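The values are calculated or read from the model by the stated rules, or taken from the named source; none is laboratory data. On a predicted model such as this, the values are computed, not experimentally measured, just so you know. Heads up, the Cβs are rebuilt from the backbone with ideal geometry, glycines too, and the neighbour counts pull from every protein chain shown.
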Ligand SMILES: Nc1ncnc2c1ncn2[C@@H]1O[C@H](COP(=O)(O)OP(=O)(O)O)[C@@H](O)[C@H]1O
Ligand SMILES: [Mg+2]
């Protein structure tokens, strides 16, 4: 299978705003949040890659970098074999059509004054020359496919007249109207009611098939990743600590952080013992991340070696890679 996305040594630093006291000390050094700290991976055509990790680990920043909604500090992004890292804005236009994003909060990504049909059809106005009638036909047909029915009726509704599940369907439809190849879904069900989460996930699975999509599926919750993803990358403080197929990661997690995240996934059988506990302490700051393996202060297996240098991702069999020095 060909790679659709390939990123190499990608980094994003955000300058930290200085406060008054810092300014008093002339020459105080500018500090940075290392939101994405040298990560590399690829996403194959037709694949769903999950990106999982606690809040603040750099998942959304990674998604935005892939779509060139943020400029990387360093590293490269390839789309379908083409280096798009430095493509000028004008040349990015054709890529914007192929790459779409779905954010977690449908209400903040929909304009309250735009009717459902207009919101979904809006990207068509920008990307395709269609008559008003053609545009409406395309929108109605897509609305049927994402379960916004009766489409005629909902076409003229405003976002506040929709349920949470319907709003997320509108956001999905708007992302798909340009017939994209690649969709970054950034915690698309995190804000949805528990009752509609499964439905939205199922819909995303169906749409993937129907539209031949490739997804980067961002989530803090591994149980949803298990349902949708082919492979999963585990992110911690800006770095990928483990990556592998869903089966490899769930059946044989290697990195202690992956194990800890998995232990937080509810098990259906209450008699089954949990072997790992949720890691001690808070996620440290990405401004001054711990030296060596960023996870070592929270890791129960940490040795002095772990704080000496950053362990690289190493193959531990099959398609599984882990950035832990433990055997
Ligand atoms: N625009 C920004 N300016 C400064 N810091 C940011 C910005 N966006 C994200 N960050 C910081 O980068 C880190 C990673 O954030 P994010 O990518 O949103 O993580 P996640 O999506 O995993 O929760 C966090 O420490 C966050 O505070
Ligand atoms: Mg996020």
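Could you please find all residues in segment 189-206 being crowded, with 21+ Cβ neighbours inside 10 Å and modelled with pLDDT of 90 or more?
200, 204
Here is a yes/no grid of residues against (1) more than 24 Å from residue 6 (Cβ to Cβ); (2) outside the structural domain of residue 67 (by TED's automatic domain parsing); (3) within 16 Å of ligand 2 (Cβ to nearest atom); (4) part of a helix (DSSP H, G or I):
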| position | (1), (2), (3), (4) |
| --- | --- |
| 168 | yes, no, no, yes |
| 174 | yes, no, no, yes |
| 185 | no, no, yes, no |
| 192 | yes, no, yes, no |
| 206 | yes, no, no, yes |
| 225 | no, no, yes, yes |
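Does segment 145-153 include one or more residues that are away from ligand 2 (no atom under 16 Å from the Cβ) and either touching a strand residue (DSSP E or B) at 6+ places or on another chain (Cβ under 7 Å) or on the phi > 0 side of the Ramachandran plot (or both)?
Of all residues in segment 145-153, those away from ligand 2 (no atom under 16 Å from the Cβ) come to 145-153.
Checking the rest, the ones that are also either touching a strand residue (DSSP E or B) at 6+ places or on another chain (Cβ under 7 Å) or on the phi > 0 side of the Ramachandran plot (or both) come to 147.
The answer is yes, given that some residue of segment 145-153 is away from ligand 2 (no atom under 16 Å from the Cβ) and either touching a strand residue (DSSP E or B) at 6+ places or on another chain (Cβ under 7 Å) or on the phi > 0 side of the Ramachandran plot (or both).
Just a yes or no: is a residue in segment 171-184 modelled with pLDDT of 95 or more, within 16 Å of the chain's Cα centre (by Cα) and within 16 Å of ligand 1 (Cβ to nearest atom)?
yes
Of everything in segment 83-108, what is within 19 Å of the chain's Cα centre (by Cα) and closer than 16 Å to residue 126 by Cβ? Give them in sequence order.
Listed by number, the residues that qualify are 95, 96, 97, 98, 99, 100, 101.
Testing residue 99 on (1) within 28 Å of residue 148 (Cα to Cα); (2) surrounded by fewer than 19 Cβ atoms within 10 Å (Cβ to Cβ); (3) out of contact with any helix residue (DSSP H, G or I) (no Cβ under 7 Å at 6 or more places or on another chain), one condition comes back false. Which one is that?
(2)
Please state which of the following conditions residue 122 fails to meet, knowing it meets all the rest: (1) within 16 Å of ligand 2 (Cβ to nearest atom); (2) not in a loop (DSSP other than H, G, I, E, B).
Status for residue 122: all satisfied but (1).
Are any of the residues in segment 112-128 at pLDDT below 95 and under 21 Å from the mean Cα position of the chain (by Cα)?
No, segment 112-128 has no match at all.
Run down 80, 74 and say which single residue is surrounded by fewer than 18 Cβ atoms within 10 Å (Cβ to Cβ), away from ligand 2 (no atom under 16 Å from the Cβ), closer than 25 Å to residue 128 by Cα and more than 14 Å from the chain's Cα centre (by Cα).
On inspection, the qualifying residue turns out to be 80.
Just checking, does segment 20-28 include any residue being within 11 Å of ligand 1 (Cβ to nearest atom) and either assigned to a helix (DSSP H, G or I) or on the phi < 0 side of the Ramachandran plot (or both)? Lay out the reasoning, then the answer.
At the first step, the residues of segment 20-28 found to be within 11 Å of ligand 1 (Cβ to nearest atom) are none.
No, every residue in segment 20-28 fails to be within 11 Å of ligand 1 (Cβ to nearest atom) and either assigned to a helix (DSSP H, G or I) or on the phi < 0 side of the Ramachandran plot (or both).
Okay, residues lined up against (1) part of a strand (DSSP E or B); (2) at pLDDT below 95; (3) touching a helix residue (DSSP H, G or I) at 6+ places or on another chain (Cβ under 7 Å):
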| site | (1), (2), (3) |
| --- | --- |
| 243 | yes, no, no |
| 250 | no, no, yes |
| 254 | no, no, no |
| 268 | no, yes, no |
| 271 | no, yes, no |
| 274 | no, yes, yes |
| 291 | no, yes, yes |
| 301 | no, yes, yes |
| 310 | no, yes, no |
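Please state which one of 109, 163, 141 is on the phi < 0 side of the Ramachandran plot and within 16 Å of ligand 2 (Cβ to nearest atom). Talk me through it step by step, then tell me what you get.
On the way: 163 fails: within 16 Å of ligand 2 (Cβ to nearest atom); 141 fails: within 16 Å of ligand 2 (Cβ to nearest atom).
When all the criteria are applied, what remains is 109.
For (1) modelled with pLDDT under 95; (2) within 16 Å of ligand 2 (Cβ to nearest atom); (3) surrounded by 15 or more Cβ atoms within 10 Å (Cβ to Cβ); (4) not assigned by TED's automatic domain parsing to the domain that holds residue 285, each residue gets a yes or a no:
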| position | (1), (2), (3), (4) |
| --- | --- |
| 11 | no, no, yes, yes |
| 23 | yes, no, no, yes |
| 29 | yes, no, no, yes |
| 32 | yes, no, yes, yes |
| 41 | no, no, yes, yes |
| 47 | no, no, yes, yes |
| 50 | no, yes, yes, yes |
